[in-house]
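Peer 1: Quick one: structure below, then a few questions.
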Amino acid sequence: MKVERKCTIVAREEMGDAIYLVLEAGDMVRTSYAGPGQFVHVKCGEGLLLRRPISVCSCQEDVPNDLIAIAFEVRGDGTRWLAQRKVGDTLDVMGLLGNGFSIKPKGRYLLVGGGIGIPPMRGCAQATEGRSTAILGGRSKDKIILQSCFNDECAKVLIATDDGSLGHHGFVDALVRQELEQDKNYDGVLACGPKPMLRNVANVAQEFGIPCQVSMEERMGCGVGACLVCACDMADGSRKHVCKDGPVFDSKEVDWNA
Amino acid sequence: MKVERKCTIVAREEMGDAIYLVLEAGDMVRTSYAGPGQFVHVKCGEGLLLRRPISVCSCQEDVPNDLIAIAFEVRGDGTRWLAQRKVGDTLDVMGLLGNGFSIKPKGRYLLVGGGIGIPPMRGCAQATEGRSTAILGGRSKDKIILQSCFNDECAKVLIATDDGSLGHHGFVDALVRQELEQDKNYDGVLACGPKPMLRNVANVAQEFGIPCQVSMEERMGCGVGACLVCACDMADGSRKHVCKDGPVFDSKEVDWNA
Amino acid sequence: MPDTNVDLSVTLAGMTMKNPVVVASGTFGFGREYGQFYDLGQLGGICAKGLTLNPREGNPAPRIAETPMGILNSVGLQNPGVDAFIAHELPFLRNFDVKVIANISGNTPEEYGIMCEKLAGAGVDMIEVNISCPNVKAGGLAYGTRPELAAEVTQMAKSHAGKVPVMVKLSPNVTDITLIARAVEEAGADAVSLINTLRGMRIDVNTRRPILKMNTGGLSGPAVLPVAVRMVWEVAQAVKIPILGMGGVSRGEDAAQLMLAGASAVAVGTALFADPYAPIKVRDELGQIAQRQGLTAVKELTGQVKPW
Amino acid sequence: MPDTNVDLSVTLAGMTMKNPVVVASGTFGFGREYGQFYDLGQLGGICAKGLTLNPREGNPAPRIAETPMGILNSVGLQNPGVDAFIAHELPFLRNFDVKVIANISGNTPEEYGIMCEKLAGAGVDMIEVNISCPNVKAGGLAYGTRPELAAEVTQMAKSHAGKVPVMVKLSPNVTDITLIARAVEEAGADAVSLINTLRGMRIDVNTRRPILKMNTGGLSGPAVLPVAVRMVWEVAQAVKIPILGMGGVSRGEDAAQLMLAGASAVAVGTALFADPYAPIKVRDELGQIAQRQGLTAVKELTGQVKPW
Ligand SMILES: Cc1cc2nc3c(=O)[nH]c(=O)nc-3n(C[C@H](O)[C@H](O)[C@H](O)COP(=O)(O)OP(=O)(O)OC[C@H]3O[C@@H](n4cnc5c(N)ncnc54)[C@H](O)[C@@H]3O)c2cc1C
Ligand SMILES: Cc1cc2nc3c(=O)[nH]c(=O)nc-3n(C[C@H](O)[C@H](O)[C@H](O)COP(=O)(O)OP(=O)(O)OC[C@H]3O[C@@H](n4cnc5c(N)ncnc54)[C@H](O)[C@@H]3O)c2cc1C
Ligand SMILES: Cc1cc2nc3c(=O)[nH]c(=O)nc-3n(C[C@H](O)[C@H](O)[C@H](O)COP(=O)(O)O)c2cc1C
Ligand SMILES: Cc1cc2nc3c(=O)[nH]c(=O)nc-3n(C[C@H](O)[C@H](O)[C@H](O)COP(=O)(O)O)c2cc1C
Ligand code: FES
Ligand code: FES
C-alpha cells in the first residue's frame, strides 16, 4: 500500500536562490524507489489545496528513516511557504512518485541540468557511480548549485552560464554538442531543466543518434495518475501523464511543438 | 485614526475549559477605552476570513504597552486556532470596539455573568472599585472562572451552578431576585451571558424597576458598523448593530422575543 | 473501519451502498491509482472517470489551476472510450466490494443511448449521465442548461439502460437548477447528482495568459461547498428522486451538510488531491457526527435540515 | 501613498478616479466607520450601501456565515432610504476627494426612476443599479436574471439620471451573463459592475438549522474570484461599455486579474472584514505590479489578457 507520510526536516541549507532540504521519510525509499528522477508531492500548508511536485535530488535507504533531499526555488505561494520551514518541522509528503530515468547497469551518461533542474541530476550522478559527465547550466554562476557534489560524483563537470559569469558563456546545448563530438561512448543523455533547454538538448542528441531522456514539468492535481490533469503531448498525438508515465520521458516520444 | 494592531501574547492560562490570554496592545486602551464591556475583533489565522469578537475581560493603560486580557472557550475553528497560540505569538487585533456598560461615578451595581459571560464582568468589577456585587453562574463549578478576582474586586460574590456543584443549585436569576429583594440600593444590573439568561435577568430587573444593561452576541463581519450583518432586533421594531450600537444595550430596548 | 455503531449504509435509487461516500467522477480515474493507497472496498461507490463513445485525448495542458480553496480543471473528458472501460477497467473494479457508477458524456442523445446499452449489458451498478461538463464545446454545456435537451438525453439513457438506474448529473451554471432537475425527473431519471463544476478562470498576471490552455475551466473544491449545499437543498424540495450531493466536500461536516440539505449520499472529489484518504476520513467523521447526534443510521440525516 | 511612479488614475464611463480601487456596496456602509481608519480620499471611489426608496430594516439575524474562503450574507438591504442618504450621508462623503457611487434597489422600475432622479439632483458621481441582490424576494432576483426586465430597469434609470452615468450591477446566478450585459448595454447603461454574490447556504450540522435566518444568502470573498474573472472576461467580449470588476479581490494580483480580463476598475468588499486596509493594499500592490511590468499607467492592464 502506498502512503502519504509526515516527514521531518533534518537539514536545511540555502544555495543561492535555492533551498535545499533533507527529510526523514520512513521507509519511503525502500518501498518506492524506482531510479533517479522521481518526485515527491508536498503539501504546502493548510491554505493551499494542491500539493507541489518537487523532484528528488538524492535519496538513500537508512535506518530507522530513509533520507531524501530536495531543492527548490521560490516561485509562488507554495514554494514560499516551503521555504519558511525550519529544521524539525514536518512536511506532509507523498512519494516517491513517477518513473525516473532508466539507467543501464554500468551505463555512462551525459547528465544535463539547467537551473533548478540541476539537483535532480545528482541522483543520476550517484546512480552511475562516477562514470557520467555532468553539464550544468544557469542564468549566472549563483544558479549553479551542488557543483562540488557533481565534482565528487562525476567523471567530468562542465558549466555554462547565460551571462558567462562561470564556465562557457552560453547555453548548455553547445556543451552537449561539444562533448558528444569528442566522446562517442555515452549510453545516453539525461536532462532536466526548462522546456526550451530540453528541446535543444533533445535535438542535439538526436543529431548524434544517441538516446535522450528528459524530465518534463506540468501542473498537477493528484500526482498519482488519477485525475489526468498533467497531460504531456506525445509526438504520436496521444497524451501521456507527467505524474504517472513521467516525469521522465524518452525525448523522441515528446511532441516538442506543443 | 483607528488601527488594527499586532499584539503579543504575554500570558496564557487555562481556566477549566476557558483560555485566558493577556495581550500587549500598544496604545489601544489609551486611545479607545470606553468603559468595560467593549470587545476586540481577532484574526484567527490565514485560513479563516472572518475575525472573531471576544469581549475584553480587563484592561489597563501601561507603558510602553497597554495590556488587555481576554478569556474564551473553544467553540469552532477560530477559537480552536486561538487556543493553540502560545506566549510570545502575536495576534492581529482590532479594538477596542463597541460601547461598554455605562457606569455612574460611584455607582454600585449587581454584576451578573453566566459561563463565558463571566470574564467581561470583571472589567465592571474593577470600574466600580469594590462597590458592586457579582453573581456568577455556570453549568458546573469548573465553569465559574476568575472567582478569586471577583472576591477581591467586589463587595460580595454569589455563585449559582446548574448542577449544584458550587453555590446555589439553579440559575443566576434566582440569585438576582434574592439580592434585589434584600438590597434596594443598586444603581442597576449589568449582565453578560447566554441570551436566555439575559432575558430572565432583564425580566427580574424590570420587576424590581431597576435599570438593566445586557451584553448581546451576534455573528459579525466588519466589527465596526459598516456591513450591518450583526443586527439585533429592538423592541420598537428597529434593528441596531451589536458591534457599533452595542454589544451593551439597555435591556428595555431589546426585543426579547426575536 | 469507523469506530462507531452507527449503520452507515444508504440506498440510492435502489442501489445499496455500505456507506454514503462515493468518489467523484474524474478525480479517481478508474480506481487503480488510489487503490494502491487503500482497499477500494472501503468506499461506498466509485464514479468512474467520464466516458465517451470513442476514446478521447482531452484538452491540451495546462489543465489545472489553483484558486482560493478551489481548483479549476479543463481535462476535457480524456478517456479510453466505453468499450475499453468495459474490457479493461470494469473487471478490475469488480474485484472490490464497491458499487461502480459509470459516468458518460455524449455528443448526441443517440451516443448516450449506445453507451447506456453497452454499460447496462456489462453490468455496472448505476449510470451517471453527465449533461453538465462545461469543458467540451460539442453539446456538453447545452444539455445541462436547457430543460428540454436534458429531458431528451435522460429519456434516451433510460430507454437503453434496462434495469440499471440512471442518475443525471446537473450543472450549477444555470439560473434555476430546479427546472433542469424537474425536467430530468419527469423524463424518468432515477436520481440526480450535483453539483458539477462552476465555470471559472484564472489569469497569470505576469504572462497575461489564462493559466488553463482552454482559458476557462470548472471550479471545484471547498470554495463551492456553499453553492452545492444551496442547490442540493433547492433540488431536494423540487423533486422526489434521490440526490447524490457533491461539491467541495473535504470533511464529515461538509458531507453532513449536504445530507441534511437532502442528499442520500455524497461524493468526494477535489479533496483527494490534498489527501488521498479524504473519502475514508469523510466516511469516519460522518459516522462520528451521526453517533454524537444519537442516530442509529447515517441515512437519518437525509433531508433533515430545519429551515427557518 | 503608493511608492511607484505609475499613473494609477482610471476613467469609468467618463468618471475619472485617482486610482482604480473602489469599495463594494454594502461592505463599507456610507464610509463613516472605515473613515476612522484612514482618509477616504485614498480610495478611487465608494459604492455606498444599497439604498431603497423607503428606509428598510433588512432581514433578521444571523445575517452572516463563514464558508471556505468566503462568506454568506443576508443583510437584505437595510438602509435609511434614499432621502436620508442625500440629507445625511452624501454631505459627509463630499468632505473627501473620492468619487461617490450610489447603489440602488427598487421593487418596481418606477422606484428606480424616482431614486435616480433624486440622486442625480443631489449630485452623486455615478449610480449603480443593483438588479441582482439575491436577498430580497420582491423583484430583486428577477430583474437580474431576465434580459428584458434588466433592460426595462436600465431604461428607467437612464431616463431619470440626467447626466449622471448609470452602471448596472449584474448577478452571477445566471446561465449566460452576457445576455443580461448586452440587454442593459442596449438599454443605455453607461457601465456594468460584476459580480454580485452567488447564492449559497450553510447548515449548522448540530442544530440542523441553516446558519442564516433567511436560509440562503450571497456568497462573496476569495472563493468567488475565479467566477468573477471568468464573467468579467465574458462580458468584456460581449459589450463595449466599461466594467467595474469585483468578487473576491483581496490583493493586487486579484485586481490585476480582473483588469486584464476587462475591468476598468475594481471593487473590494469582503476582504475589508479581515483587513480594514485591504483596499489601500490592493491599490499599492496594483501599482507595484504595473511598475514591475514596466507600465506607465495601471489602466494599460484593462482587457490585456491574451487568451490561448
Ligand atoms: C515533476 C516535477 C518536478 C519538479 N521539481 C522541482 C524541483 O526539484 N525544484 C523546483 O524548484 N521546482 C520543481 N518543480 C516545479 C515546482 O513544482 C513549481 O515551482 C511549484 O509547484 C510552484 O509552486 P508555487 O506555489 O510556488 O507557485 P504558484 O505559481 O503559486 O503555484 C500555483 C500552482 O501552479 C503549479 N505550478 C506552478 N509552476 C509549476 C511548474 N513549473 N510545474 C508544475 N506545477 C507548477 C503549482 O504546483 C500550483 O498548483 C517540479 C515540477 C514538476 C512537475
Ligand atoms: C460582542 C461579543 C463578545 C464575545 N465575547 C466572547 C468572550 O469573551 N469569550 C468567548 O469565548 N466568546 C465570546 N464571544 C463569542 C465568540 O465570538 C464565538 O465563540 C466565536 O466567534 C466562535 O468562533 P469559532 O470560529 O470558534 O466558531 P465557529 O462556529 O467555527 O465560527 C463560525 C463563524 O460564526 C461566528 N460565531 C460562532 N458563534 C458565535 C457567537 N456566539 N457569537 C458571535 N459569532 C459567533 C464566528 O465568529 C465565525 O464567524 C463573543 C461574541 C460577541 C458577539
Ligand atoms: C480533474 C477533474 C475531472 C473531472 N471530470 C469529470 C468527469 O469526467 N465527469 C463528470 O461528470 N464530472 C467530472 N468532474 C466533476 C466532479 O465529478 C465533481 O462534480 C466536482 O469536482 C465537484 O466536486 P468536488 O468539489 O468534490 O471536486 C471532474 C472534476 C475534476 C476536479
Ligand atoms: C455584507 C454585504 C452586503 C452587501 N450589500 C450589497 C448591496 O447593498 N448592494 C449591492 O449591490 N451589493 C451588495 N453586496 C455585494 C458586494 O457589493 C459585492 O458585489 C460582492 O460582495 C462581491 O465582492 P467581494 O467578494 O469583494 O465582497 C454586499 C456584500 C456583502 C458581503
Ligand atoms: S496529476 Fe493527476 S494524473 Fe497527473
Ligand atoms: S459586524 Fe459589520 S456592522 Fe456589525
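Peer 1: Please average, across the residues of A:3-13, the number of beta carbons from any other chain that are within 10 Å of each residue's own beta carbon, and give a whole number.
Peer 2: Mean inter-chain Cβ contacts per residue within 10 Å come to 1.
Peer 1: What percentages make up the Cα-Cα pair-distance distribution of region D:1-91 when the bins are 5 Å wide from 0?
Peer 2: 3, 11, 17, 19, 19, 16, 9, 5, 2, 0
Peer 1: Say a label goes 7 Å from Cα toward Cβ at C:N107 in every copy; what distances in nm does this one have to the rest, shortest first?
Peer 2: 5.4
Peer 1: Translational diffusion coefficient, Stokes-Einstein: compute it for chain B using the Kirkwood radius over C-alpha pairs as Rh, at 25 °C and 0.890 mPa s, and state it as an integer in µm² s⁻¹.
Peer 2: Rounded to a whole number, D works out at 134 µm²/s.
Peer 1: Enter the accessible area per residue of region C:1-87 (Å², integer; probe 1.4 Å; all protein chains in place).
Peer 2: Accessible area per residue: 27 Å².
Peer 1: Regarding region A:168-237, what's the average projected area of the Cα-atom convex hull, expressed in nm²?
Peer 2: Mean projected area for region A:168-237: 6.1 nm², to one decimal.
Peer 1: Compute the long axis of helix A:172-182 from its Cα atoms, compare it with the longest principal axis of the Cα atoms of chain A, and write down the angle in degrees, 0 to 90, nearest 10.
Peer 2: Helix A:172-182 and the main axis of chain A meet at about 50 degrees.
Peer 1: I'd like the Karplus ³J(HN,Hα) series for region B:111-121: coefficients 6.51, -1.76, 1.60, θ = phi - 60°, whole numbers in Hz, and an x wherever there's a Gly or Pro.
Peer 2: 3J(HN,Hα) across region B:111-121, in whole Hz: 9, 10, x, x, x, 6, x, 5, x, x, 6.
Peer 1: Please calculate how many Å² of accessible area region A:3-97 carries per residue, with a 1.4 Å probe and no DNA, RNA or ligand atoms counted.
Peer 2: 40
Peer 1: Which of the trypsin sites (Lys or Arg not before Pro) across region A:1-92 are loop residues per DSSP, with 11 or fewer other Cβ within 10 Å?
Peer 2: A:R75, A:K86
Peer 1: Please give me, ordered by residue number, the trypsin sites (Lys or Arg not before Pro) of region C:214-275 that lie in loop per DSSP and have at most 12 other Cβ atoms within 10 Å.
Peer 2: The qualifying sites are C:K240.
Peer 1: A follow-up question, please. Within the set of other residues whose C-beta is less than 15 Å from the C-beta of C:E33, count the net charge using Lys and Arg as +1 and Asp and Glu as -1.
Peer 2: The answer is +1.
Peer 1: Point me to the residue of chain A whose C-beta lies closest to the A-onto-B rotation axis, rounding the distance to whole angstrom.
Peer 2: A:G47, 3
Peer 1: Among residues other than A:K195 whose Cβ falls under 11 Å from its Cβ, what is the net charge (Lys/Arg +1, Asp/Glu -1)?
Peer 2: Around A:K195, the charge tally is -1.
Peer 1: Which ³J(HN,Hα) values in Hz, rounded to whole numbers, follow from the phi angles of region D:83-94 under the Karplus curve 6.51 cos²θ - 1.76 cosθ + 1.60, where θ = phi - 60° and Gly and Pro get x?
Peer 2: 5, 5, 4, 5, 6, 10, 9, 4, x, 4, 4, 5
Peer 1: Using the alpha-carbon centroid of each, what span in Å lies between region C:22-78 and region A:89-165?
Peer 2: Answer, in whole Å: 34.
Peer 1: Something else now. If you check each cysteine of chain B for another cysteine whose beta-carbon is under 4.7 Å away, which ones come up empty?
Peer 2: Result for chain B is B:C7, B:C44, B:C57, B:C59, B:C124, B:C149, B:C154, B:C192, B:C212, B:C230, B:C232, B:C243, no neighbouring Cys Cβ within the cutoff.
Peer 1: Can I ask one more? Mind listing which GluC sites (Glu not before Pro) in region A:1-69 are in a DSSP loop and have 16 or fewer other Cβ atoms within 10 Å?
Peer 2: Counting only loop positions with at most 16 other Cβ atoms within 10 Å, the GluC sites (Glu not before Pro) in region A:1-69 are A:E46, A:E61.
Peer 1: What shape does region A:1-153 have by the C-alpha gyration tensor, where a ≥ b ≥ c are the square roots of the eigenvalues, rounded means a/c under 1.5, and otherwise prolate means a/b greater than b/c and oblate the rest?
Peer 2: Oblate shape, in that a/c is at least 1.5 and b/c is the bigger or equal ratio.
Peer 1: Please find the FRET efficiency linking C:Q237 to A:K184, where r is the Cβ-Cβ separation and R0 is fixed at 60 Å, and quote it to the nearest 0.05.
Peer 2: The value I calculate is 0.20.
Peer 1: Still on this structure, please answer the following. Here are some pairs, A:K106/A:K195; A:K2/C:K299; A:K6/C:K99; C:K118/C:K299; D:K99/D:K169; which of them have Cα atoms lying more than 20 Å apart in this structure?
Peer 2: A:K106/A:K195; A:K2/C:K299; A:K6/C:K99; C:K118/C:K299
Peer 1: Just the number, please: carbon plus sulfur as a percent of the accessible area of chain D, 1.4 Å probe, no ligands or DNA/RNA counted.
Peer 2: The value for chain D is 50 percent carbon and sulfur by accessible area.
Peer 1: Under a 5 Å amide H to amide H cut-off, with H placed in plane at 1.01 Å, what residues pair with A:K240 once short-range neighbours are removed?
Peer 2: So A:K240 has HN proximity to A:C232, A:M234.
Peer 1: Additional query: Give me the percent of DSSP beta bridges within region B:103-258 that run antiparallel, rounded to the nearest 5.
Peer 2: 25
Peer 1: As a test of the definition: with a 1.4 Å probe, what buried accessible area, both sides summed, do you compute for D against B, in Å² to the nearest 100?
Peer 2: The summed interface area works out to 2700 Å².
Peer 1: Follow-up question, since we're still on this one. Could you please report the charge total around C:I211, scoring K, R as +1 and D, E as -1 over all other residues with beta-carbon less than 9 angstrom from its beta-carbon?
Peer 2: My count for the surroundings of C:I211 gives +2.
Peer 1: Shape call for the protein assembly as shown from the C-alpha gyration tensor, a ≥ b ≥ c root eigenvalues: rounded (a/c under 1.5), prolate (a/b greater than b/c) or oblate?
Peer 2: Verdict is prolate for the protein assembly as shown.
Peer 1: Also: List the distances, in nm and shortest first, from the label point of B:P194 to the matching label points in every other copy, placing each point 7 Å from Cα along the Cα-to-Cβ direction.
Peer 2: Distances between equivalent label points, in nm: 6.3.
Peer 1: Report ³J(HN,Hα) in whole Hz for each residue of region B:235-249, in order, from the Karplus equation J = 6.51 cos²θ - 1.76 cosθ + 1.60 where θ = phi - 60°; Gly and Pro get x.
Peer 2: Karplus values, whole Hz, x for Gly and Pro: 4, 7, x, 7, 10, 9, 10, 4, 6, 10, 7, x, x, 8, 10.
Peer 1: Search the structure for amide H atoms under 5 Å from the amide H of A:I159, placed 1.01 Å from N in the peptide plane, and list their residues when 5 or more places away or on another chain.
Peer 2: A:L136, A:H168
Peer 1: When you have a sec, figure out the Kirkwood radius of region D:24-146 from all distinct Cα pair distances and drop it here in Å to one decimal?
Peer 2: 15.0
Peer 1: D:E128's amide H: which non-local residues (gap 5+, or another chain) put their own amide H closer than 5 Å, with H modeled 1.01 Å from N in plane and none for Pro or chain starts?
Peer 2: D:A102, D:N103, D:I104, D:M167
Peer 1: Right, next: Among A:V189, A:V229, A:V248, whose mean-square fluctuation peaks in a Gaussian network model of chain A (Cα, cutoff 10 Å)?
Peer 2: Between A:V189, A:V229, A:V248, it is A:V229 that shows the largest mean-square fluctuation.
Peer 1: Follow-up. Assign one of three labels to chain D, namely rounded, prolate or oblate, based on the Cα gyration tensor with a ≥ b ≥ c the square roots of its eigenvalues; rounded applies when a/c is under 1.5, prolate when it is not and a/b is larger than b/c, and oblate otherwise.
Peer 2: In terms of gyration-tensor shape, rounded.
Peer 1: Using only helices, what value at 222 nm comes out for chain D when you add -39,500 (n - 2.57) per DSSP H run of length 4 or more and divide by the total residues, to the nearest 500 deg cm²/dmol?
Peer 2: -8500 deg cm²/dmol
Peer 1: Quick one: label points 7 angstrom along Cα→Cβ at C:K163, distances to the other copies in nm, smallest first?
Peer 2: 7.9
Peer 1: Let me ask something else about it. How far is the Cα center of region C:226-274 from the Cα center of region B:200-216, in Å?
Peer 2: Taking the Cα centre of each part, region C:226-274 and region B:200-216 sit 45 Å apart.
The values are calculated or read from the model by the stated rules, or taken from the named source; none is laboratory data. This one's a predicted model, so the numbers in the text were calculated from it and none came from an experiment. For neighbour counting, all protein chains shown are included, and Cβ atoms are generated from backbone atoms with ideal geometry for every residue, glycine included. For accessibility, only protein heavy atoms count, side chains too; no ligands or nucleic acids. Shrake-Rupley method; radii C 1.70, N 1.55, O 1.52, S 1.80 Å.
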